[in-house]
Amino acid sequence: MAPAWEDTFDEAQKKTEDTRRKMFIDSLREKTPIVDPDLAFLTPTELLVAMKENSQILDFHKKLESYESTKKDIAILFPDADRKPWTSGKTTALIYRNLHTSIKNLKLADRVEVFTISPLLGIVPMEWYDDMPMYDASGSQSFMVRRRGLSWNVEDFKKVIGRSGELMANFLKKNHANFGKWHIIYRDPSVHQRIFQSSMEKQTFPIWPHTSKKSLADSYLSLRTIMKEISEG
């Protein structure tokens, strides 16, 4: 039997984490009101449990299995963002504002289809941006979890990456042939890079990477340069 002082310490630690979690959820609701607070996962363990048990997430994964894309010249795998929605004309996420502006200015709308890489949902087609589960997956970012004083479980994180990579691999297996060329844009290093690498370990497809050492939200011109390279082939 554990000493009484250990029980007291564990209880106090749990209360502290619960208090911090509530504080972060309240901050999230203020910053991004559209995010469902019941779909805010602040640690890798919470993400992993959601991928196994949450009905909204499991329903999305099931829906993704039957998705079949239209045929276009170019497909782009693109990182998700905390701020939602990502829809053109609605988004406050700078990375998506830069993306949509680049597509418009380069006149790529009829040639390009964008698919978002999500550590929780796997892949999100652009046409589902308004109807997807409005989640927060900041629990996949170690610096965020540790800064909040919450528990970082590296083994659960690896399992999340593996499951996300599996979802991507299955998606590519069904839809890769519908596009003339595939590209992926991500920050190096990043969670999205690791998901992509995990996917390629399961099944390799020809996909051209475009990496950045800086945040893709920092500069419209940087992202536009990448998009121009993609458009030119």
Crossing angle, helix 44-53 versus the chain [Cα axis fit, 0-90 degrees, rounded to tens]: 80
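What does the charge count near PRO209 come to, summing +1 for each Lys or Arg and -1 for each Asp or Glu among other residues with Cβ under 12 Å from its Cβ?
Numbers: positive: ARG187; negative: ASP188, GLU229.
Its environment carries a net charge of -1.
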Computed over segment 4-232: relative contact order in percent, which uses C-alpha pairs under 8 Å that are six or more apart: 26
Sequence-distant lysines (8 or more away, or on other chains) whose Cα lies within less than 28 Å of LYS31: LYS14, LYS15, LYS22, LYS52, LYS84, LYS90, LYS104, LYS213, LYS214
Relative contact order of segment 16-149, defined on C-alpha pairs under 8 angstrom at six or more residues apart (%): 35
Relative contact order (%) - segment 184-233, alpha-carbon pairs under 8 angstrom, separation at least six: 43
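For segment 57-164, which trypsin sites (Lys or Arg not before Pro) are both in a DSSP coil and crowded by at most 15 other Cβ atoms within 10 Å?
LYS71, LYS90, LYS107, ARG111
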Net charge contributed by nearby residues that have their C-beta within less than 11 Å of SER190 (K/R +1, D/E -1): +1
Kirkwood Rh, Cα atoms: Rg over Rh of the chain: 1.01
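All of the numbers you see were taken from the coordinates with simple rules; none came from a lab. These numbers were taken from a predicted model, which means no experiment stands behind them. Reconstructed Cβ throughout: ideal geometry from the backbone, glycine too, with neighbour counts over all protein chains shown.
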